Amino acid sequence: MLDQFAIVLFFILVGFGFIFANLFLGWLLRLRHPNPLKGSPYECGEKVIGSSYIRFNIRFYIVALIFIIFDVEVVALFPWALVYKELFPTLGWIVFAEAMVFIGILVVGLAYVWQKGDLGWVTISKQEGERATPAVPAAEPKP
């Protein structure tokens, strides 16, 4: 039994050794000629316009996270249904009810996110009662 753990330890050590050997080899062989042009950002051959540090609206990240959460949970539903179909072919209604409970939990989560207002791109200002679109500052060209 101990020899099986030794094989795993050997595999982990070889993996780390491979990583550090490649990092050391890259450090040893790379050219060291600093140049301001090398440090500048590359924009597909075009001249750089403005700063690369612009502020993005947080809604982009929130919508992406919500999509990933719901997408991963729905994708998990397909293999789960196939496995239950093979293992328990006579318990179809119970498996269907479990799937509906799972989807119900997703719908409750979606309703919460929707009620919270995280899915809307246009927000309503509470002070003025007007619709306000979030402004994403554009990069200003350097003279």
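Being assigned to a helix (DSSP H, G or I) and either over 19 Å from residue 118 (Cα atoms) or of a type in the set (D, E, K, R) (or both) is the filter here; which residues of segment 48-71 pass it?
Matches in segment 48-71: 59, 71.
With respect to residue 116, is the statement that it is over 30 Å from residue 39 (Cβ atoms), modelled with pLDDT of 80 or more, open to solvent by 50 Å² or more (accessible area, probe 1.4 Å) and not hydrophobic (A, V, I, L, M, F, W, C) true?
yes
Just to check your reading of the model, which residue among 91, 65 is open to solvent by 50 Å² or more (accessible area, probe 1.4 Å), at pLDDT below 80 and either among the hydrophobic types (A, V, I, L, M, F, W, C) or at positive phi (or both)? Reasoning before the result, please.
Working: 65 fails: at pLDDT below 80.
Being open to solvent by 50 Å² or more (accessible area, probe 1.4 Å), at pLDDT below 80 and either among the hydrophobic types (A, V, I, L, M, F, W, C) or at positive phi (or both) holds for just one of 91, 65, which is 91.
What number of residues within segment 99-110 are open to solvent by less than 80 Å² (accessible area, probe 1.4 Å) and either at pLDDT below 80 or closer than 15 Å to residue 84 by Cα (or both)?
In the first step, residues of segment 99-110 are kept if they are open to solvent by less than 80 Å² (accessible area, probe 1.4 Å); the result is 99, 102-104, 106, 109-110.
This time we only want the ones that are either at pLDDT below 80 or closer than 15 Å to residue 84 by Cα (or both), so: 99, 102.
Qualifying residue count for the region: 2.
Can you confirm whether residue 37 is in a loop (DSSP other than H, G, I, E, B) and open to solvent by 100 Å² or more (accessible area, probe 1.4 Å)?
Criteria not met by residue 37.
Which of (1) surrounded by 11 or more Cβ atoms within 10 Å (Cβ to Cβ); (2) touching a residue at least 40 places away in the same chain (Cβ under 8 Å); (3) at negative phi does residue 77 not meet, given it meets every other one?
Evaluating residue 77 over (1) surrounded by 11 or more Cβ atoms within 10 Å (Cβ to Cβ); (2) touching a residue at least 40 places away in the same chain (Cβ under 8 Å); (3) at negative phi leaves (2) as the failure.
Would you mind stating whether residue 32 is out of contact with any strand residue (DSSP E or B) (no Cβ under 7 Å at 6 or more places or on another chain) and open to solvent by 80 Å² or more (accessible area, probe 1.4 Å)?
Spelling it out, residue 32 is indeed out of contact with any strand residue (DSSP E or B) (no Cβ under 7 Å at 6 or more places or on another chain) and open to solvent by 80 Å² or more (accessible area, probe 1.4 Å).
Looking only at segment 40-58, count how many residues are on the phi > 0 side of the Ramachandran plot and open to solvent by 100 Å² or more (accessible area, probe 1.4 Å).
Total meeting the criteria: 1.
The values are calculated or read from the model by the stated rules, or taken from the named source; none is laboratory data. Since the model is a prediction, treat every value here as computed from it, not as a measurement. Glycine also receives a Cβ, built like all others from the backbone with ideal geometry; neighbour counts cover every protein chain displayed. Surface accessibility is based on the protein's heavy atoms, side chains included, excluding ligands, DNA and RNA. Shrake-Rupley method; radii C 1.70, N 1.55, O 1.52, S 1.80 Å.
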